[in-house]
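To keep things clear, I will list the structure first and then write my remarks on it.
Readers should treat all values here as calculations from the given coordinates under stated rules, not as data from a laboratory. Given the structure is predicted, the values throughout are model-derived calculations rather than measurements. Don't worry about glycine lacking a Cβ; one is built from the backbone with ideal geometry, like all the others, and counts go over all protein chains shown.
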Amino acid sequence: MTRRLLIGTRKGTFIVENDGGRWKPRLAGHAGGGVNYVARDPYTGRLWALLGFGHWGAKLSISDDDGATWADAGAQIMYPEGTKYLGQTMFEDPSSDFGVTWSTSLRKATVQKLWVIGFGPGGRVHVGTIPGGLFTSTDGGASFALDMGLWNDPSRGGDLSGATEATGLETKWFGTPASESGEFAPGLHSISVDPRDPARMLVAVSTAGVIETRDGGESWAPRNRGMRLDHTPEPEADWGHDTHFIDRCDGEPDCVWQQNHTGIYYSRDNAMSWEKVGAPEQDVSFGFAIAADDADGRVAWVVPGRSDMQRMAIDGALFVARTDDGGKSWTKHREGLPQEGAYDVVLRHALDAKGGAVAFGSTTGNLYVSEDRGETWAVAGNNLPPIYSVRWA
Amino acid sequence: MVSIALTRHLFQFFPQLADREVAVEAATVAEAVRALDDLAPGIAFYICDERGRLRPHVNIFVGKEAVRDRMRLSDPVAPGDTLSILQALSGG
C-alpha cells in the first residue's frame, strides 16, 4: 500500500504520510507560494513542483531528496522567441446587441501558468501550460522544448511565427479562467503517456478537448468522437470541448476516463471514441477530477459537484462515486465524509488513486484518504490552504 | 557602479543577495538586471518574463522615477544611481 501523498496548495507544498494509522500533513516547501501541481517522476524518483508565484512568474522546482530540500530547476519553462498565439478578449461594445464583443488578437507567448507534469521512460518529462503549450524534455529535465507540432496545429491557426496581425486567422481553441494573469487563454491540464509506447500520448486542453500524438509530438489529432458540446450550436465539433481531466488505466492502457464539463466519458479504445457514462439522476455527472484505477480499466472514481452553475458540493454533503463496470452503474460513498455544512470543491488535479488507495483535497483545505477503494474515508487535514493537486508519490 | 535595492521578498529565493550591498556596472536598466542575474542566476526571470518584459506586478525605480520602458528596460542609468526593485503588495 502506498503511504505518501504530495499536495500542491495555494500556500506551499505538503507531504502527507501515515503515522501510526493517522494521516498527517506537513509543510514540505514553497511556504507562502502557489503550488499548482506536485508529482514524483516514477522513473527517477525526483519530485517536481509547478509553482505559480503571483508576482515572480511560473517556476519549476525540483527535489532530489524526497522533498527535504527544493531548488529552482536549472531549465525553466520559457516560450521561444517569436512564438505567438491567437488570444481572445471580450470588450464593451455599445454597437453590439449584447453590449460586448469578442476580438481576436495575435499575442506573444509567455508562460502564464505551469499546470501539469507527466513522465515517460528514458528521461521524458512533459509540462502542460497556459497558454496551451506542451513542453517536453528528453534529458530528464535538463532542457525543455516547446512541442511545435501541437503549437502550430491548424486548429489554432497554424504556424503564426510570421504573422503580424490576426485578421483572417482563426483558432478553434478557447480559454479557461484558470490562468494566473486573468487572461482567458487555453490551458493544457492533462498528459497521459501510453505505457506501451512513449511516442503515443494523450493530452487534454480546456477548451479544445482530447488530442493524441502517435509520433512523439510531431503531429496531433483531435480525439473527441462521441463527446457532445451541450452548450454550443455544433455539439459534435472536432474541437472546443471542455475536457476537465483525463486519466488512463496503467494496467489496461486503452481504457481512458474523462471528466468533462458536460459529464463523464469512458473510452475503451485509447480515446478513439468516447461513451457518456455518468448518472445525472444520481447526481454523478458534473465535476472536475477523475481517477482511473491502475489495474482494472472498468474502475474509476469521481467527486461530483452541483452543475456548472454552482460548482460546489451537492446539498452541503460530500460523496465519492465509484464505478466498477465501465460506468454502467455508480455507487456513492459517504462514510467518513461530512454530510452537512460542506461546500467543498475538488479541482481537476486534486483526486488520485493508486493500488486501491484514493485521496482527494478541496479548495476549502480539507483532505480525505480512503484505503478501501473509496468506501470509507478518513480526514487527513481540515485546515490546509486551498488544495490544487493531490498525487500519490 | 549602480546600486540595487531589492525587495526582501526576493531574498527568500536568492539568499545570497541578502544583507549585502549590491552594485553593478550598467548603462541601462536592462544591463543592470542582466548583471544582477550574473550575481544571482535566475533572478532576471523572476523580475522579467521570457521576452524581457517587466512582470506586471513588479516595478523598478531609478532613483524616485519608475522605469518608463517596461518592455525592454532601456531607461538609462548612471554611476551613483540607485535602482529599486519591488513588487506590488497584494493577495491574501
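Observations, loosely collected:
- Residue by residue, region A:25-35 carries 3J(HN,Hα) couplings of x, 9, 5, 10, x, 6, 3, x, x, x, 10 Hz when phi is fed to the Karplus relation 6.51 cos²θ - 1.76 cosθ + 1.60 (θ = phi - 60°); x denotes Gly or Pro.
- Our summary gives region A:254-341 a relative contact order of 22 percent, counting only alpha carbon pairs under 8 angstrom and 6 or more residues apart.
- Distances between placed amide hydrogens fall under 5 Å for residue A:241 paired with A:208, A:209, all partners being 5 or more residues away or on another chain.
- Here region A:106-386 is assigned +1 on the Cβ of each Lys and Arg and -1 on the Cβ of each Asp and Glu. Its dipole about the Cα centre then comes out at about 300 debye.
- Per-residue ellipticity at 222 nm, computed for chain B from helices alone with -39500 (n - 2.57) per DSSP H run of at least four residues, works out to -4500 deg cm²/dmol.
- Alpha-carbon centroids, region A:264-302 and region A:127-181: separation in whole Å: 28
- Residue by residue, region A:38-43 carries 3J(HN,Hα) couplings of 10, 8, 9, 6, x, 8 Hz when phi is fed to the Karplus relation 6.51 cos²θ - 1.76 cosθ + 1.60 (θ = phi - 60°); x denotes Gly or Pro.
- Relative contact order of chain A, defined on C-alpha pairs under 8 angstrom at six or more residues apart (%): 12
- Positive-end residue of A:210, A:356, A:259, charge dipole of chain A with Cβ unit charges: A:356
- 3J(HN,Hα) along region A:365-378: x, 9, 10, 10, 10, 10, 10, 10, 6, x, 7, 10, 10, 10 Hz, from the Karplus curve 6.51 cos²θ - 1.76 cosθ + 1.60 with θ = phi - 60°, whole Hz, x for Gly and Pro.
- Amide H contacts of residue A:37 (H built 1.01 Å from N, under 5 Å, at least 5 apart or other chain): A:50
- Remark on residue A:336: its backbone amide H falls under 5 Å from those of A:377, a criterion applied only to residues 5 or more positions apart or on other chains, H modelled at 1.01 Å from N.
- Within a straight-line Cα-Cα reach of under 23 Å, residue A:11 can be paired with the following lysines, leaving aside sequence neighbours fewer than 8 residues apart in one chain: A:24, A:59, A:113.
- In straight-distance terms, cross-link reach from residue A:84 covers every one of the aspartates and glutamates whose alpha-carbon lies under 19 Å from its own, apart from those fewer than eight places away in the same chain; here that gives A:147, A:153, A:159, A:165, A:170, A:180, A:183, A:218, B:49, B:50.
- According to the calculation over all Cα-Cα pairs in region A:261-393, the P(r) per 10 Å bin from zero is 13, 48, 33, 6, 0 %.
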